1. Taking the conditions exactly as written (in a loop (DSSP other than H, G, I, E, B) and modelled with pLDDT under 85), does residue 119 satisfy them or not?
2. Quick one: is residue 303 part of a strand (DSSP E or B), out of contact with any Asp or Glu (no Cβ under 9 Å at 6 or more places or on another chain) and either at pLDDT 90 or above or within 15 Å of residue 177 (Cβ to Cβ) (or both)?
3. Quick check on residue 139: is it over 17 Å from the mean Cα position of the chain (by Cα), surrounded by 13 or more Cβ atoms within 10 Å (Cβ to Cβ), at pLDDT 80 or above and farther than 20 Å from residue 204 by Cβ?
4. Taking the residues in the range 142-161 that are within 22 Å of residue 215 (Cβ to Cβ) and polar (S, T, N, Q) as candidates, determine which candidate is nearest to the chain's Cα centre (by Cα).
5. Exactly one of (1) modelled with pLDDT of 75 or more; (2) in a helix (DSSP H, G or I); (3) open to solvent by less than 50 Å² (accessible area, probe 1.4 Å) is unmet by residue 52. Its number?
6. So residue 248 clears everything in (1) surrounded by fewer than 20 Cβ atoms within 10 Å (Cβ to Cβ); (2) in contact (Cβ under 8 Å) with a residue 12 or more places away in the chain except one condition, right? Which one?
7. Would you mention how many residues in the range 220-237 are open to solvent by less than 80 Å² (accessible area, probe 1.4 Å) and either farther than 25 Å from residue 295 by Cα or without any contact (Cβ under 8 Å) to a residue 24 or more places away in the chain (or both)?
8. If a residue must be in contact with a strand residue (DSSP E or B) (Cβ under 9 Å, 6 or more places away or on another chain) and in contact (Cβ under 8 Å) with a residue 60 or more places away in the chain, how many such residues does the range 145-165 contain?
Amino acid sequence: MIPLKHLHVVFIYLAVINVVTFFMYGIDKWRSTSGRLLPKGRKKAKKSKWRIRETALLGLAVLGGSIGAWLGMEVWHHKTLHKGGNRDVDNIVGGYQSRFGVPLILIAQIALFFLCSCRTASLSTTPSGQIEQSNISQVADKIWAFSQSHPNGFTLDLRTMTEPTEGIFVSYAATQNSHSRDQLDKVVNHAIQNNGYVGGWYNKDNGLYYFDSTRLFPEDSLQAAIQFGKENGQQSVFVLSSSTEIPIIQEHSPNVFLVMYDAEIGKEPLLKAIENYKCEIKYDYGIINGMALKKPDDKTLEETMQYFKKVKGVTNVEYDHVYRLTDPVKPRLEIK
């Protein structure tokens, strides 16, 4: 099967070979009649030494020029079966080969084209759950390479490896804080088992590219998308068609904040910093590498958060937001 990205080359080839075949039939017809005299003379043509072989013409049809061959026969009246008894055996045989051989070749090639088209369509619509587990690493490699050329972020449908243009996307909490190539395998695996979408965005503050397994909602299901975002600890949802980020957060706790840490480094350095700074662990999340901490009474929330941003292995420190369902907001216009 020919990859979709190479189809334009195939179409160019077919166009060229059909044009060439069409004119080859015309040239051969012209050579075959070059010895004729026009009315009043009506002399039988001499057999040309420069005729194009029948096998060569049929070979062009087999190589993809069957449409050009058929048109050439019809337009140039090339070896069509005329009535009359002044035709030799070679011309009769050649006429039958062209008259019936070319249409059969054309029918066979049209059938082959539709067979390949159906095969391509079936592969492009393969459900995400049918992606083999052994291909997860290969898919992750493609997404990793794709992210290097898309610093502004992206969302990919794993079934087609294309970017959707409509819908509301919300990230899953289970793949939050994934930024390394190894963690991308986990994101792809989660996406395969769920909705089949992977999103990515570049964090300029720490220089890391984050990946998420995401869920797609119809654009008329905003409240359902916001509720899902609330359940998965997200700060906003994203509407693709208008490139609008809709916040689902209005307030944050004055005493509690969230700390995310790198799974490879572990939470030991963070636990030591919590003890030294005399913070209280309010919640240790199980589905993500993070904790909810309460600041000391003698420290402000901002200075406490700044302290934990410098702890080894900490990847993100953010407010503990109070989530609310909000009305849609208009895109923010930037005036330069």
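The values are calculated or read from the model by the stated rules, or taken from the named source; none is laboratory data. Every value quoted in this text rests on a predicted model; they were computed, and no experiment measured them. No Cβ is skipped: glycine too gets one built from the backbone with ideal geometry, and neighbour counts run over all protein chains shown. These accessible areas exclude ligands, DNA and RNA; they are computed on the full protein's heavy atoms, side chains included. Shrake-Rupley method; radii C 1.70, N 1.55, O 1.52, S 1.80 Å.
1. Details: in a loop (DSSP other than H, G, I, E, B): no; modelled with pLDDT under 85: yes.
Answer is no for this residue.
2. Working: part of a strand (DSSP E or B): no; out of contact with any Asp or Glu (no Cβ under 9 Å at 6 or more places or on another chain): yes; either at pLDDT 90 or above or within 15 Å of residue 177 (Cβ to Cβ) (or both): yes.
So residue 303 does not fit the description; no.
3. Working: over 17 Å from the mean Cα position of the chain (by Cα): no; surrounded by 13 or more Cβ atoms within 10 Å (Cβ to Cβ): yes; at pLDDT 80 or above: yes; farther than 20 Å from residue 204 by Cβ: yes.
Criteria not met by residue 139.
4. Step one: list which residues in the range 142-161 are within 22 Å of residue 215 (Cβ to Cβ), which gives 142-144, 146-147, 150, 152-161.
Imposing the further condition that a residue be polar (S, T, N, Q) reduces the set to 147, 152, 155, 160.
Values: 147: 13, 152: 17, 155: 10, 160: 4 Å.
Restricting to residues being within 22 Å of residue 215 (Cβ to Cβ) and polar (S, T, N, Q), the top hit is 160.
5. Residue 52 satisfies every listed condition except (2).
6. Result: residue 248 fails condition (1) only.
7. Here the count works out to 10.
8. The number of residues fulfilling the criteria is 3.
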